[in-house]
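Engineer: The structure follows.
The values are calculated or read from the model by the stated rules, or taken from the named source; none is laboratory data. As the structure is a computational prediction, the values presented were derived from the model and not from experiment. Cβ placement follows ideal geometry from the backbone for every residue including glycine, while neighbour counts extend to all protein chains displayed.
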Amino acid sequence: VQEAFERRMIRRPWLEVFLRQLHLLLLFAMLGSSPAFAQRVEVHERIEHYVIRGRTADALLAEMSAKGPPAPFEPGKRYFASADYSIGWYYFLAPGASECAIAEFDVSVNVTYTYPLWEDRAEGSKNLNGYWDRFLSHLEIHERGHGDIARATGVEVANALKALAPQATCAMLESAIGETGKSGIKAGDSKQRAYDRDTNHGRTQGAWFNAAEARRYRAPKQAATK
């Protein structure tokens, strides 16, 4: 059975319309000297699952390899879990007699976490259940790391947009906004790849399902109650 990798990264770089189901709002106070300027970064997070079944470690690995999120850039491979994200923005411009400036803008970060859901875990052994719980907790830590980078990228994009100087025309300013946003996302993507390199795609964090290790695992004994 081919082992699965743990995540995928998908981005829709210049999304200008975003969901209103707000999970976390980072509202920034005025960052500039103009009282008319406002910005905010909204973060939307949700969790999805794909269902797997099995009574053995090999069966669970086979299920994740077959049903996990597909790798968008590596055909035939699937991940144990994923943290898909998009970063987008919308804005209001203030055209003047001699220049065009940004009056207000919002940046949105949308993150969707996808994890395996072991549907019939009640039929698995105590040791396999213990190994699964440990694996899943480490997997969540790794994916949340990707989410943290996505949120930080949203803030960095917002700061870069805030720093944009007015342009002679609104068309020129809109072009500068697009290039600034895309540049920020590209930098964020580099940080995502570096995170995977540094953690060996989550292996150094325990976010890897090893069937042989799972077979050897022994769940801690519970202390006897008096």
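Engineer: For the range 152-180, what are the residues that are under 12 Å from residue 102 (Cβ atoms) and crowded, with 19+ Cβ neighbours inside 10 Å?
Structural biologist: If the condition is that a residue be under 12 Å from residue 102 (Cβ atoms) and crowded, with 19+ Cβ neighbours inside 10 Å, then 158, 161, 173, 177 are the ones that fit.
Engineer: Also, quick follow-up: Would you confirm, using the coordinates I've provided, whether residue 183 is at pLDDT 95 or above, on the phi < 0 side of the Ramachandran plot and assigned to a helix (DSSP H, G or I)?
Structural biologist: Considered against the rule, which asks whether it is at pLDDT 95 or above, on the phi < 0 side of the Ramachandran plot and assigned to a helix (DSSP H, G or I), residue 183 comes out as yes.
Condition check ((1) part of a strand (DSSP E or B); (2) of a type in the set (A, V, I, L, M); (3) within 30 Å of residue 171 (Cα to Cα); (4) touching a residue at least 24 places away in the same chain (Cβ under 8 Å)) across all residues:
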{"position": "40", "(1), (2), (3), (4)": "yes, no, yes, yes"}
{"position": "46", "(1), (2), (3), (4)": "yes, no, no, yes"}
{"position": "55", "(1), (2), (3), (4)": "no, no, no, yes"}
{"position": "60", "(1), (2), (3), (4)": "no, yes, no, yes"}
{"position": "63", "(1), (2), (3), (4)": "no, no, no, yes"}
{"position": "91", "(1), (2), (3), (4)": "yes, no, yes, yes"}
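Engineer: Then there is this: Which one of these is farther than 13 Å from residue 83 by Cβ and surrounded by 14 or more Cβ atoms within 10 Å (Cβ to Cβ): 147, 124?
Structural biologist: Sole residue among the options that is farther than 13 Å from residue 83 by Cβ and surrounded by 14 or more Cβ atoms within 10 Å (Cβ to Cβ): 124.
Engineer: While we're looking at this one, here's another question. Out of the residues in the range 65-89 that are more than 16 Å from the chain's Cα centre (by Cα), assigned to a loop (DSSP other than H, G, I, E, B) and of a type outside the set (Gly, Ala, Ser), which is nearest to residue 180 (Cα to Cα)?
Structural biologist: Checked the range 65-89; the qualifying residue nearest to residue 180 (Cα to Cα) is 73.
Engineer: For the range 208-223, indicate whether the set of residues that are surrounded by 12 or more Cβ atoms within 10 Å (Cβ to Cβ), in contact with a Lys or Arg (Cβ under 7 Å, 6 or more places away or on another chain) and either outside any helix (DSSP H, G or I) or free of Cβ contacts under 8 Å to residues at least 40 places away in the same chain (or both) is non-empty.
Structural biologist: yes
Engineer: Can you name the residue in the range 89-131 that is touching an Asp or Glu at 6+ places or on another chain (Cβ under 6 Å) and over 30 Å from residue 62 (Cα atoms) and is also modelled with the highest pLDDT among such residues? Full working, then the answer.
Structural biologist: So in the range 89-131, the residues touching an Asp or Glu at 6+ places or on another chain (Cβ under 6 Å) come out as 90, 92, 108, 111-114.
Within this subset, residues satisfying the condition of being over 30 Å from residue 62 (Cα atoms) are 90, 92, 108.
Details: 90: 86, 92: 91, 108: 94.
Filtering first and then ranking leaves 108.
Engineer: Right, another one. Could you check how many residues of the range 148-174 are without any contact (Cβ under 8 Å) to a residue 12 or more places away in the chain and under 22 Å from the mean Cα position of the chain (by Cα)?
Structural biologist: Of the residues in that region, 1 qualify.
Engineer: A follow-up question, please. For residue 132, only one of the following conditions fails: (1) of a type in the set (A, V, I, L, M, F, W, C); (2) under 16 Å from residue 49 (Cα atoms); (3) under 15 Å from the mean Cα position of the chain (by Cα). What is its number?
Structural biologist: (3)
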